[in-house]
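Comments concern the structure below.
Where a number appears in this text, it was derived from the coordinates with a stated rule and is not lab data. Keep in mind that what you see is a predicted model, and the values were worked out from it rather than measured. Cβ placement follows ideal geometry from the backbone for every residue including glycine, while neighbour counts extend to all protein chains displayed.
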2 protein chains.
Amino acid sequence: MRPAVVLFSGGLDSSTCLAIAKEEGFAPHALAVRYGQRHERELEAAERVARAMGSPLKVVTLDLRAIGGSALTGSIDVPKDQPIGGSIPVTYVPARNTVLLALALGYAETIDAQDLYLGVNAIDYSGYPDCRPAFVKAFEDLANVATAAAVEGRARYHIHAPLLRMTKAQIIRRGTDLGVPYALTHSCYDPDPQGRACGRCDSCRLRAQGFRDAGVPDPTAYSPR
Amino acid sequence: MRPAVVLFSGGLDSSTCLAIAKEEGFAPHALAVRYGQRHERELEAAERVARAMGSPLKVVTLDLRAIGGSALTGSIDVPKDQPIGGSIPVTYVPARNTVLLALALGYAETIDAQDLYLGVNAIDYSGYPDCRPAFVKAFEDLANVATAAAVEGRARYHIHAPLLRMTKAQIIRRGTDLGVPYALTHSCYDPDPQGRACGRCDSCRLRAQGFRDAGVPDPTAYSPR
């Protein structure tokens, strides 16, 4: 089976993405990045989920806090109970997906993979610019001029974003069919000390609505308030 | 003065780039990355040179050794006295400049800079794919769809690569005119324990030849052998 690199956070979307990569005939190699996210709990989820799904996981450490500019890596509070959509929220991390895909590309070149999976979604999402089709296309173009493997004709990189045009409910139904262990996944930007989801950040609310819309029981452990 | 981010290693090229950014009217913010390079000495040079040139320096830590695939971050030996050019050498770090520019882009967005300087050179160089004009152009296109600032119309990113079509001798003459303190810079991939240049890796030999061709005395401290 051909290897593929799956950018992986242990969240709902990237876990579904991993299952889709496998179903599409690839041997997925999960890549997670410890970038100083305040919800570092997601890395524990990444380990649990990758193990449960039988895929190797590589964790790269990068301190994006040095760059700042985001509620997810800095001291700005994560917004709760705010309307979703409209302007780009403070949880946006400057150039995050560009950085993460760049790391995935380097890893792909090292393990001779030509396929990268990215769980971005442009329907039920927070409005991040680096989750849109134009971004995915521009990165694919870049990958094919940036690497030795492409320039020497040994690789033609393809960025797969299978969730791009799916609703959260469609993602959850697809993942449920593929056996994704959603109870092990973590989506919350601001979990409590026990690692339970806040239920009020954008990420929690998009996820909870997705389970409701999909008619699938929500296995998430929420923090009691 | 408008801010600009200069990807900075403390080497000859990026130090010249910093001087050019300043001459072109920007307030340069140097960004260096501790990525697990075996020649980590270059970060000491980055600090010395940035201080001497009066620019702030930000250092981001990222462990590219986790990804591997290069003589510069792994256990493969740095080649010495090998012909330069032809195939891409083992000192190529998979997707390195993509990763570094992605970090520079995130930093630029955070400090409201729209201009990024990159000291790549496609004349006297080792044949790295991510030092070519096509790479610079593809990254600029990506930057303008990847970021909140660009998507919201607050920024139009420009990647400056002023050394791209200059010979090493031209770079050295230009930098000498601009007062770049070359004696403080570091280019060697494999310095000795005292931090002196090996004189035999690609980087050392391109640099030494550049000083000879420019007719400028070479201030580099070489390891005696």
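Taking each DSSP H run with n ≥ 4 as -39500 (n - 2.57) and averaging over every residue of chain A yields -11000 deg cm²/dmol at 222 nm. Just check segment B:2-214 against the gyration tensor rule for me: Cα atoms, a ≥ b ≥ c as the square roots of the eigenvalues, rounded for a/c under 1.5, and otherwise prolate or oblate depending on whether a/b exceeds b/c. Because a/c hits 1.5 or more and a/b exceeds b/c, segment B:2-214 counts as prolate.
Among beta bridges from DSSP that stay inside the protein assembly as shown, the antiparallel ones total about 5%. Using Cα pairs closer than 8 Å and at least 6 residues apart in sequence, work out the relative contact order for chain B, in percent. With pairs under 8 Å counted, the relative contact order is 24 percent. Dipole magnitude for the protein assembly as shown: computed about the Cα centre from +1 point charges on Lys and Arg Cβ and -1 point charges on Asp and Glu Cβ, it is near 160 debye.
With its label point defined 7 Å out from Cα along the Cα-to-Cβ axis, A:PRO224 lies at 7.6 nm from the matching points of the other copies, in increasing order.
The angle separating the long axis of helix A:133-146 from the principal Cα axis of greatest extent in chain A is about 30 degrees.
Percent of alpha carbon pairs in segment B:138-225 separated by more than 18 Å? The proportion of pairs with Cα distances above 18 Å equals 57 percent.
For B:THR91, nonlocal amide neighbours, meaning residues 5 or more places apart or on other chains whose placed amide H falls under 5 Å from its own, are B:ALA71. Proximity of backbone amide H atoms, modeled 1.01 Å from N, is registered between B:VAL6 and B:HIS29, B:ALA30, B:LEU31, B:TYR117 at under 5 Å, excluding neighbours fewer than 5 places apart on the same chain. Computed from backbone phi, the HN-Hα couplings of segment A:40-46 come to 5, 3, 4, 6, 5, 4, 4 Hz, rounded to whole numbers (Karplus: 6.51 cos²θ - 1.76 cosθ + 1.60, θ = phi - 60°; Gly and Pro given as x). Compute the Cα gyration tensor for segment A:13-58, then decide on rounded, prolate or oblate, letting a ≥ b ≥ c be the square roots of its eigenvalues: rounded whenever a/c is under 1.5, prolate when a/b is larger than b/c in the other cases, and oblate in all that remain. Cα axes put segment A:13-58 in the prolate bin.
Largest GNM mean-square fluctuation across B:GLU24, B:GLU42, B:GLU109, computed for chain B with C-alpha springs under 10 Å, falls on B:GLU24. For segment A:20-27, 3J(HN,Hα) computed residue by residue from phi via the Karplus equation (6.51, -1.76, 1.60; θ = phi - 60°) reads 5, 4, 5, 5, 7, x, 9, 8 Hz, glycine and proline entered as x.
A:ASP77 label point (Cα plus 7 Å toward Cβ) to equivalent points in the other copies: 6.0 nm, shortest first.
Model label points for B:MET1 and A:LYS80, set 7 angstrom from Cα along the Cα-to-Cβ axis, are 4.5 nm apart. Taking the alpha-carbon centroid of each part, what is the distance from segment B:170-203 to segment A:100-144 in angstrom? Value for the Cα centre distance between the two parts: 36 Å. Here the Karplus relation 6.51 cos²θ - 1.76 cosθ + 1.60, evaluated at θ = phi - 60°, turns the backbone of segment B:62-68 into coupling constants of 8, 8, 6, 4, 4, 8, x Hz, with x for every Gly and Pro. Amide H contacts of A:HIS186 (H built 1.01 Å from N, in plane; Pro and chain starts excluded): A:GLY11, A:LEU12 sit under 5 Å, all sequence-distant by 5 or more or on other chains.
By the Kirkwood approach, averaging reciprocal distances over each pair of separate Cα atoms, the protein assembly as shown gets a hydrodynamic radius of 22.7 Å. Axis of helix B:202-214 versus longest Cα principal axis of chain B: the two differ by about 90°, to the nearest ten degrees. Mind pulling the angle between the C-alpha long axis of helix A:96-110 and the longest principal axis of chain A? Nearest 10 degrees, somewhere in 0 to 90. Around 40 degrees separate the two axes. Distances between copies of B:THR167, taken at a point 7 Å out from Cα along the Cα→Cβ vector and listed shortest first: 6.5 nm.
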